[in-house]
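First comes the structure, then the notes that go with it.
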Amino acid sequence: MNTGSQLIKNNFRVEKLPHIWCPGCGHGILMRAVTEAIENLNLDKKKVCIVSGIGCSSRAPGYMDFNTLHTTHGRALAFATGIKLAKPELKVIVITGDGDCTAIGGNHLIHAARRNIDITTIVFNNNIYGMTGGQYSPTTPKNEFGTTAPFGNIDKAFDVCKLADGAGATYVARGTAYHVKQLIKLVEKGINNKGFSLIDAISICPTYYGRKNKKGLAVDMMNYLKDNAVDVKAVKKFQKEILEDKFVIGEFKNTTEPEYTDEYNKILEKVKHLHK
Amino acid sequence: MVSRKEIRLSGSGGQGLILGGIILAEAAILDGNNAVQSQSYGPEARGGASKAEVIVSSKAIDYPKVEKADVLLALTQIAYNKYINTLDSNGILIIDSTIEHDHNRNIHKVIQAPILSIASNKVGRAMVANIVAIGLIQQLTNVVTKNSLETAVLNRVPKGTEKLNKSALLEGYQLAKNKYYLEAASV
Amino acid sequence: MNKRQIKLMQGNEACVEGALAAGIKFYAGYPITPSTEIAELCAEKLPQVGGKFIQMEDEIAGIAATIGGSLTGLKSMTATSGPGFSLKQENIGYAALAEIPCVIVNVQRAGPSTGLPTAPSQGDIMQAKWGTHGDHPVIALSPTSVRETYDLTIKAFNFSEKYRTPVILLLDEIIGHMREKVEIPNSDEIEIIDRLKPSVEDADEYMAYKPKKGELVPPMAAFGEGFNFHVTGLMHDDFGFPTNDANISDQLLRRIMKKIDNNVNDITMYEEEFMEDAEFLVLAYGGTYRSARSAVKKARLLGYKVGLFKALTIWPFPEKRIREISNKIKKILVPEMNLGQYVLEVERVVKNESEVHHLGKVNGEAITPEEILSKIREVL
């Protein structure tokens, strides 16, 4: 276990702090959890590459002392795929948001999952577009409000985990900004999975999502995460009606399948003799 | 010395006209000349009228497309109808026997020969009609030498089909010798 | 010296051979006519030299992954046509601001929209300069033959690596799809430029966006080599960290523009013919240049004093030379397969010194020598 200050010194560009996130935002907790997972796994910092898209979540890599890339909106996984294929020895981690990953970047998500390329994606999911001021996202629950859903959101929300699972990810889990210890473990396991991993990390956005939907202060939103998350292992114990307003966290999928860069290396082996 | 010669090969998609054009161009290069090859590239390349073009010259070739063809090969009626007007008034028209030729047209030299049927029936494979045709073109125009054409054919055709293609080429040469197929200019 | 290899080669194939000679090791793209042969040949050839090829899920992913590949230190390229070039624009701007070398090939086809997918065009001339939002440095090259496609692909990589900037190679369907005789230069005849890298001792103080004193291009480290730097599409400081600071933003944008503006003599390539006594100039590029040369030669035989200018570098525009020419030659014709794009640049530069004429064609067919010749007759 690391003391906070040591963890921060080891993994952050301390001179770039404080971060830009609003008071009460869950993203700082998630960012710290990711670095703690990296530290616990004892990864070589020179070989860790963190890639993000655009949005609140995607500012995280700027503060993190690794090879860091802040790309264009939605495209983090496409950039990351290039990096991973070009240099497979890098541990590539993508930090993205619910809008970045599942709306504008949805196509890249399903194809990165389909390829089972060894990238660990952590979705900082705050159910809203925060950077642009509170518009509804693909994970904003139905009937809730955003600045672009003033009369209630009629879109059905994505379950990011089911989406990744269906597209072929080999490690899928959900954690929250409240259940930090569990989240660190989930990220560690995601990084250790040789293949495409997705961790849906539920964050809180008191500034926009919270205010628009009368969810109270940051502490109230944290309490909501605490009171309504049901661990996947415990789901069976509850009756269906009780589960209706809850959400499930924990590890949903952990399997092994051929990984993309390994498969590409086999091609390189196969054609080696053709090299002039 | 070869002054600029423009050859247009036309027919339907799948008749191997682009390959025929590439082989003619490669033969020209083996002869030490310059060559440019291009093709109609579109949905029609997969059926319907298709064309390949070759320009051969001992000098630099500027404009890479056919302006007025010195040689027009047409293997189908559709291609004949589409391209007949692009033949130079001093040009040579080479058409398959299945084509209905308009004898009122003012064409310098017309050669009508059973290219498709020779390929299918005599050589034994419809797919070598392109090779029969370029053999015939070689004999009628001397735009490339026989030696280079044979080398170019053998370099390009799939392994195991060399004998077949060689005999297609010889049939093409043979066609040119048969005066029966040659018609005088209609003027 | 070894004998040069002589063969019949397609333009798109020459692009791949040139890229291989330049040292390409990474290609990511999406299939689109008429550029697809470039992807197909890269898929076949890159693994044979230990390189990587990936077919991405869309055009945007194609350039995104290409930029990612370049960040790991590999020379990277993507190829596309018309609609795909439109889709790639945002990330071309990203590569320009984040100073990540890469080559983007656009085999132009007739647009707008899906247009005539298999027909030639030169309709993306202005898009190559202004396609992505905001001011940004642009280098765009356009070959007029298969051999030049080979040479300019190497140049595109060299400029890209030398100036840490995306370079656009503008082919058109005529050049991309035609086959012609080429002499492939031997490797000892080819100049290859690699990106400037920081020395390992500097890892702790490395500033990814700080050029050495008096220089404009900062050395570029690769991901995974211990330099742990940050790359962003936001305005950024010398380290690469985002900033809203007005001065830093202004200096950054001006510096990346200067990389090109201060080196136009190195980047601008053109050729002239029949200029000694010329009273009339035909300025052409890409596939249309071939028709122009044929027309100019015919015009000369007819006694017209016509000169010929071939622009190989489209951007930056060969401004200085065109201005000089306009002091002597009072009539300039620009034939191009669009409704008037490059001609605007000629008009801008010559101001009222020369009379500028345009011959545009957008029906998906090449401009013929006859059409240019009759325009010359009409104007003279």
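The values are calculated or read from the model by the stated rules, or taken from the named source; none is laboratory data. A quick note: this is a predicted structure, and the numbers were derived from the prediction, not measured. As a convention, Cβ positions derive from the backbone with ideal geometry for all residues, glycine included, and neighbour counts pool all protein chains shown. Accessible surface areas use protein heavy atoms only, side chains included; no ligands, DNA or RNA. Shrake-Rupley method; radii C 1.70, N 1.55, O 1.52, S 1.80 Å.
Below, the figures for the structure above:
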quantity: For chain A, share of DSSP beta bridges that run antiparallel, in % to the nearest 5; calculated: 20
quantity: Accessible surface, 1.4 Å probe, highest first, among residues C:HIS177, B:HIS108, A:HIS179; calculated: B:HIS108, A:HIS179, C:HIS177
quantity: Residue pairs, from the table A:LYS156/A:LYS253; C:LYS52/C:LYS310; C:LYS75/C:LYS320, whose Cα atoms sit over 27 Å apart; calculated: C:LYS52/C:LYS310; C:LYS75/C:LYS320
quantity: Within-14-Å neighbourhood charge of C:ILE63 [Cβ basis; K, R +1; D, E -1]; calculated: -2
quantity: Estimated buried accessible area (total), pair A and C, 1.4 Å, Å² to nearest 100; calculated: 3400
quantity: Average other protein chain Cβ within 10 Å of Cβ, residues A:57-69; calculated: 5
quantity: Segment C:GLU189-C:LEU339, extension gain: residue separation times 0.36 nm, minus the distance between their alpha carbons; calculated: 50.1 nm
quantity: Under 5 Å, built H, 5+ apart or other chain: amide partners of A:GLN135; calculated: A:TYR129, A:THR147
quantity: Value of Rg/Rh across the protein assembly as shown [Cα atoms, Kirkwood radius]; calculated: 1.05
quantity: Cα long-axis angle, helix A:106-115 against chain A (0 to 90 degrees, to the nearest 10); calculated: 40
quantity: Using alpha-carbon coordinates, inclination of helix A:260-271 to the longest axis of chain A, degrees; calculated: 20
quantity: 10 Å Cβ neighbours from other chains, averaged over peptide C:175-188; calculated: 4
quantity: For chain C, share of DSSP beta bridges that run antiparallel, in % to the nearest 5; calculated: 30
quantity: Size of the B/C contact, given as accessible area buried on both chains, probe 1.4 Å, in Å²; calculated: 1800
quantity: Dipole magnitude of chain C about its Cα centre (Cβ charges: Lys, Arg +1; Asp, Glu -1), debye to nearest 20; calculated: 940
quantity: DSSP-defined beta bridges in chain B - what % are antiparallel, rounded to 5; calculated: 55
quantity: Probe 1.4 Å, protein heavy atoms only - accessible area per residue of the range C:200-264 in square angstrom; calculated: 51
quantity: For residues of C:70-77, the mean tally of beta carbons on other chains within 10 Å; calculated: 4
quantity: Inter-label distance, nm, simple model (7 Å from Cα along the C-beta direction), C:ASN327/C:GLU271; calculated: 2.6
quantity: Three-way shape call for the range B:5-183 based on the alpha-carbon gyration tensor, with the a/c threshold at 1.5; calculated: rounded
quantity: Most mobile of A:TYR208, A:TYR178, A:TYR264 in a GNM of chain A (Cα contacts under 10 Å); calculated: A:TYR264
quantity: Spacing of the two label points (7 Å from each Cα toward its C-beta) at B:ALA60 and A:VAL180, in nm; calculated: 7.2
quantity: Solvent-accessible area per residue for the range C:5-189 (1.4 angstrom probe, square angstrom); calculated: 24
quantity: Virtual spin-label span in nm between B:LYS109 and C:THR114, 7 Å along Cα→Cβ; calculated: 4.5
quantity: Highest to lowest packing among A:253-259, C:330-336, A:75-81, A:127-133, scored as the average C-beta count within 10 Å; calculated: A:75-81, C:330-336, A:127-133, A:253-259
quantity: Accessible surface of the range A:83-189, 1.4 Å probe, proportion on carbon and sulfur as whole %; calculated: 59
quantity: Global form of the range C:44-109, assessed from the alpha-carbon gyration tensor, a/c cut-off 1.5; calculated: oblate
quantity: Phi-based couplings in Hz for the range A:51-60 (Karplus 6.51, -1.76, 1.60; Gly and Pro marked x); calculated: 10, 9, x, 10, x, 4, 3, 6, 7, 3
quantity: FRET efficiency, B:TYR173 to C:SER374 (Cβ-Cβ, R0 35 Å, nearest 0.05); calculated: 0.25
quantity: Linear extension gain, C:LEU234 paired with C:LYS212, 0.36 nm per residue minus alpha-carbon span; calculated: 5.7 nm
quantity: Whether the range C:5-189 is rounded, prolate or oblate, judged on the alpha carbon gyration tensor where a/c under 1.5 counts as rounded; calculated: rounded
quantity: With every protein chain in place, chain B: carbon and sulfur % of accessible area (1.4 Å); calculated: 50
quantity: Proximal aspartates and glutamates relative to A:LYS46, as straight alpha-carbon distance under 17 Å, when same-chain residues fewer than 8 apart are discounted; calculated: A:GLU36, A:ASP65, A:GLU89, C:GLU201, C:ASP202, C:ASP204, C:GLU205, C:GLU225
quantity: For C:LEU359, residues with placed amide H under 5 Å, excluding near neighbours; calculated: C:VAL334, C:GLU336
quantity: Additional length obtainable on full extension of the chain from A:ASN40 to A:LEU217, 0.36 nm per residue less Cα span; calculated: 60.5 nm
quantity: Environment charge at C:LEU196 (Cβ cut-off 10 Å; Lys +1, Arg +1, Asp -1, Glu -1); calculated: +2
quantity: 18 Å Cα-Cα reach of A:LYS215 towards lysines, excluding residues that sit fewer than 8 places from it in its own chain; calculated: A:LYS142, A:LYS226, A:LYS246
quantity: Residue-by-residue Karplus 3J(HN,Hα) for the range C:127-142, coefficients 6.51, -1.76, 1.60, Hz, glycine and proline x; calculated: 4, 4, 8, 10, x, 8, 6, x, 5, 7, x, 9, 10, 9, 10, 9
quantity: Whole-number percent relative contact order across chain A, with pairs defined as alpha carbons under 8 Å at least 6 apart; calculated: 18
quantity: Alpha carbon centroid spacing (whole Å) that separates the range A:37-87 from the range A:136-180; calculated: 22
quantity: Sequence ranges A:16-27, B:12-23, C:245-256, ranked by mean other-Cβ count within 10 angstrom, highest first; calculated: B:12-23, A:16-27, C:245-256
quantity: The protein assembly as shown, helix-only ellipticity at 222 nm - DSSP H runs n ≥ 4, -39,500 (n - 2.57), divided by all residues, nearest 500; calculated: -11000 deg cm²/dmol
quantity: Reachable lysines, given that their alpha-carbon falls under 19 Å from the alpha-carbon of B:LYS59 and they are not under 8 places away in the same chain; calculated: B:LYS5, B:LYS68, C:LYS7, C:LYS181, C:LYS297, C:LYS298
quantity: Sites B:ASP88 and B:ASN155, calculated FRET efficiency, Cβ-Cβ separation with R0 30 Å, nearest 0.05; calculated: 0.50
quantity: Lysine pair number, Cα distance threshold 16 Å (strictly under), the range B:85-187, separation 8 or more or different chains; calculated: 6
